[in-house]
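To start, the structure itself, in structure tokens.
The values are calculated or read from the model by the stated rules, or taken from the named source; none is laboratory data. Bear in mind that the values here come from a model prediction, so they are computed numbers and not experimental data. As a convention, Cβ positions derive from the backbone with ideal geometry for all residues, glycine included, and neighbour counts pool all protein chains shown. Surface areas here come from the heavy atoms of the whole protein model, side chains and all, with no ligands, DNA or RNA. Shrake-Rupley method; radii C 1.70, N 1.55, O 1.52, S 1.80 Å.
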Amino acid sequence: MVKIAPSILNGNMSDIASTIAILDKAEADWVHLDVMDGVFVPNITFGPKTIADIRPLTKTFFDAHLMVHDPNVLLEEFVKAGADMITVHYESPGCAHLDRVIQRIHGLGVKAGVALNPATPDSVLDYVLDSIDMALVMSVNPGFGGQKFIPHSLRKIESIANTAAKRGLKLEIEVDGGVKITNAAEVINAGATVLVAGTAVVAAPDPVQAVKDLKGCAK
Ligand code: DX5
Ligand code: ZN
């Protein structure tokens, strides 16, 4: 069963509470939280304070995707705010010691993920794959919702899924960017276990139906 993780980024940022209520109604599996610092990516979103403020509104798993120059400085704050999983970018300058960052996240008592930009090969995960809970395949260049899915992402998803299967790992493979009803089946068949859906759910005319339809693609 594939999980659907809608991103609140595509909703009205002055009314995140309504977006959360809609996602609860739609029975979205996770809430995807896109944290951007205007340095690592050309956009700025929100930080731990916003996450802490919306934490009491839902019991749903909080999946924090940190698109920031140096995640280290705020890891503790994100955990205190209520993130259940923290995903950092392999390409972040602050992840030069990626293995240590992963250990720090686990030491804070939450799950750890590593995200790869579209141009980054999955081979860089070789020595960390066994110690992470999730690999996040960016299927657009990070920074904005509403972009077009990059087709070569499918090959990367397949490659990670094969390696995880060979090693007998219980690894979530999350795909983020441009996922919608027209490509969700391919993405799932390639090996994705979690679909981020911004535009396809939060900006859909009927988000409840949109989550249902995306889940239906797993059959
Ligand atoms: C992009 C973000 C995504 C994005 C998804 O940098 O990480 O989570 O908001 O939005 P869609 O589904 O519209 O591509
Ligand atoms: Zn994201």
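Each Lys and Arg Cβ is given +1 and each Asp and Glu Cβ -1; about its Cα centre, the stretch 1-91 then shows a dipole of about 220 debye. The alpha carbons of the stretch 3-216 give a radius of gyration and a Dmax of 15.7, 45 Å, in that order.
What the phi angles of the stretch 28-37 give under the Karplus curve with 6.51, -1.76 and 1.60, with θ = phi - 60°, is a coupling list of 5, 6, 10, 9, 8, 10, 8, 9, 10, 10 Hz, glycine and proline written as x. Pick from Met13, Met85, Met67: which is most flexible by mean-square fluctuation in a GNM of the chain where alpha carbon atoms under 10 Å apart are linked? In the Gaussian network model the winner is Met13.
Here the stretch 3-216 is assigned +1 on the Cβ of each Lys and Arg and -1 on the Cβ of each Asp and Glu. Its dipole about the Cα centre then comes out at about 260 debye. Summarising the amide proton neighbourhood of Leu136: residues at separation of 5 or more, or on other chains, whose placed amide H is nearer than 5 Å comprise Val114, Ala115, Leu116, Glu174. Think of the stretch 3-216 as a dipole: +1 on every Lys or Arg Cβ, -1 on every Asp or Glu Cβ, centred on the Cα centre; then among Asn43, Ala203, Pro71, Ala203 lies furthest on the positive end. With a Cα cut-off of under 17 Å and a minimum spacing of 8 residues unless on different chains, the lysine pairs in the chain number 22. The residues of the stretch 3-216 present an accessible area of 44 Å² per residue when probed at 1.4 Å with all protein chains retained. Looking at the chain, send over the antiparallel percent of its DSSP beta bridges, to the nearest 5. Around 5 percent antiparallel, to the nearest 5.
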